[in-house]
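Report on one structure; see the data block that follows.
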Amino acid sequence: MKTKRLTRVAMLTAIALTIFMVEAQIPAPVPVPGVKLGLANIVTVYAMFLLGPADTFCILLCRIFLGSLFSGQLMTLFYSLGGGLVCYTVMLVLRKLVTKRQIWVCSVIGAIAHNIGQICVAIWITKTPALICYLPILMVSGIISVFFTGLCAQFLVNRMGRIRCNE
């Protein structure tokens, strides 16, 4: 990687990780495992639309691994990785289909994919198919919170789009 590109990826990873760690200190709005605001997703969506898939993948993997390590919850690595990779794949496809005014839609659909990925990993790890009953709660809470984060990401992309990011 060129120095500027590496610095940009490192800086966005640090921002996403900081947001993730601060958010981890906020009590969950509902007492359901896996429900959170997902504010670090703002950085992921921003990177997907302005930096591209390779840099976004690097930022996502670093945030997931370091977030699990720093929070001391290594088991969450598997859930976050499963959800994150499914979300990343969906956003990769949607990136080509949505306009700059529809980035929030990509964020919402990505969150739904993330929840499905997390539940699949949880069912696989625990061998408990009944965990599927958490999916509707995760979906509703995810859509509500990610609508806000998606709008934030869209605002950032539209404002920061004037700055040349791919050098």
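Where a number appears in this text, it was derived from the coordinates with a stated rule and is not lab data. Here the structure is a predicted model, which means the values were calculated and not measured. A quick note on method: Cβ atoms are made from the backbone with ideal geometry, for glycine too, and the neighbour counts reach across all protein chains shown.
Some notes on this structure:
- Take 46-54, 21-29 and order them by the average number of nearby Cβ atoms within 10 Å per residue, most first; the result is 46-54, 21-29.
- For the range 1-143, the residue among M75, F65, V140 whose Cα projects farthest onto the positive side of the dipole built from Cβ charges is F65.
- Protection proxy ranking, peptides 81-91, 126-136, 66-76, 143-153, average beta carbon neighbours within 10 Å, highest first: 81-91, 143-153, 66-76, 126-136
- Extension gain (nm, one decimal) between K96 and F78, 0.36 nm per residue minus Cα-Cα: 3.7 nm
- Dipole size of the chain about its Cα centre, with +1 on Lys/Arg Cβ and -1 on Asp/Glu Cβ: approximately 620 debye, rounded to the nearest 20.
- Of (i) 36, 19, 13; (ii) 23, 17, 17; (iii) 26, 18, 14, the label for semi-axes √(5λ) of the Cα gyration tensor in Å derived from the coordinates: (iii)
- Between helix 53-71 and the chain: long-axis angle, C-alpha atoms, 0 to 90°, nearest 10: 50
- Helix 41-50 axis, angle to the chain major axis (alpha carbon atoms, nearest 10°): 40
- Full extension of the chain segment joining R5 with A54 gains 16.5 nm, where the gain is 0.36 nm per residue of separation less the Cα-Cα distance.
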